[in-house]
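I have placed the structure first, in the form of structure tokens, so that the comments after it can refer back to it.
Where a number appears in this text, it was derived from the coordinates with a stated rule and is not lab data. Just so you know, these numbers come straight off a predicted model, no measurement behind them. Counting neighbours? That spans all protein chains shown, and the Cβs are built from the backbone with ideal geometry, glycine included.
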Amino acid sequence: HNPLGKLYPMEDLDHLLKVAEKHDLWIMNDEIWSDIIYPGNKFNSILELGNSRNKKTISVFGFSKSFGIAGLRAGCIYCQDEDVFEGLVDKAHVMTTAGGITSLSQVAIMACMDKSYYWLDELIGHLEKNRDYAVERIAKMPNISCEKPEATFLIYADIRKTGMTSEAFVKYLHKQRKLLIVPGSIEYFGPGSEGFVRISFATSFEILKAGLDRLEKALISLNGVDANEI
């Protein structure tokens, strides 16, 4: 689940598919985070429920998160309906010189798939240590809380107790502590995302620690500060 970093059990996916089947709905299935799953957790794909039940499921996958090549714009889309697939390809202009994937991106994808999954295993080990440290630190800070993500390298933190909006809190951190995080976006995640922020721990431990130190100092300094004056 994006942005929570939670994994859907197969029972939930089955229920979602039943709802879609009942109301004749299409499902857009984004599996871009499916490679970054922490030990003790299992990724379940809705496609495991069978081709016959996924005729109206469109799945997407990319290499941006797993291998850090977001700038190369490399990914794929797959579905069972050939007409729908051809329509998506046409609208995306991926078969044109200007809109298609570059030769460099294609070479990079092949290198990722054929030779680099050992690196991804090492990365997950590093991210797991960073995740555990970040969650432990945040749990001790005032007016902020979070759940431990089962996947992704992002923490979705609740800052509603600060009395500030997500945007105001992010601007405060930038201005006062030179720390950049991302607000929970209503545009992408709906009105329930107000009062939440996204914190990435995909960095070195040293940078992560320094960032969390700044976050903690900012939260402590907020006590007694009128949020409307920030």
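Multiplying the residue separation of A202 and V19 by 0.36 nm and subtracting their alpha-carbon distance yields 62.3 nm.
Would you kindly give the portion of the calculated P(r) for segment 1-137 that falls above 19 Å, as a percent of all Cα pairs? Value for segment 1-137 (Cα pairs over 19 Å): 61 percent.
Cβ crowding within 10 Å, taken as a proxy for footprinting-reagent exposure, orders R198, R137 from fewest neighbours to most as R137, R198. Amide H contacts of F43 (H built 1.01 Å from N, in plane; Pro and chain starts excluded): no residue 5 or more places away or on another chain comes under 5 Å.
Roughly how far apart, in whole Å, are the Cα centres of segment 28-102 and segment 178-224? Centre-to-centre distance over Cα atoms comes out at 29 Å. Bridging of K161 to aspartates and glutamates at a Cα separation below 18 Å is possible for E147, E194, E216, D226, E229, once same-chain residues fewer than 8 apart are set aside. Orientation-averaged projection of the chain equals 15.2 nm² [convex hull of Cα atoms, one quarter of hull surface area].
Here the Kirkwood formula, the inverse mean of 1/r across different C-alpha pairs, assigns segment 118-229 a hydrodynamic radius of 14.5 Å. Our estimate of slack between I32 and V84, defined as 0.36 nm per intervening residue step minus the Cα-Cα distance, is 16.7 nm. Taking θ as phi - 60° and the Karplus parameters 6.51, -1.76 and 1.60, the scalar couplings of segment 64-79 work out to 4, 7, 5, 10, x, 10, 4, x, 8, 6, 10, x, 8, 9, 8, 7 Hz in sequence order, x denoting glycine and proline.
Counted over the chain, the DSSP beta bridges are approximately 75% antiparallel.
Looking at segment 10-115, send over the antiparallel percent of its DSSP beta bridges, to the nearest 5. Before the final figure, lay out the partial values.
On the way: 4 of 8 bridges.
If we restrict to bridges inside segment 10-115, about 50 percent are antiparallel.
Find the lysine pairs in segment 10-115 meeting two conditions, Cα atoms under 19 Å apart and a separation of 8 or more places or different chains, and report how many there are. Each step should come with its number before you reach the end.
On the way: K18/K55; K18/K56; K22/K55; K22/K56; K42/K65; K56/K91; K65/K115.
Total qualifying Lys-Lys pairs in segment 10-115 comes to 7.
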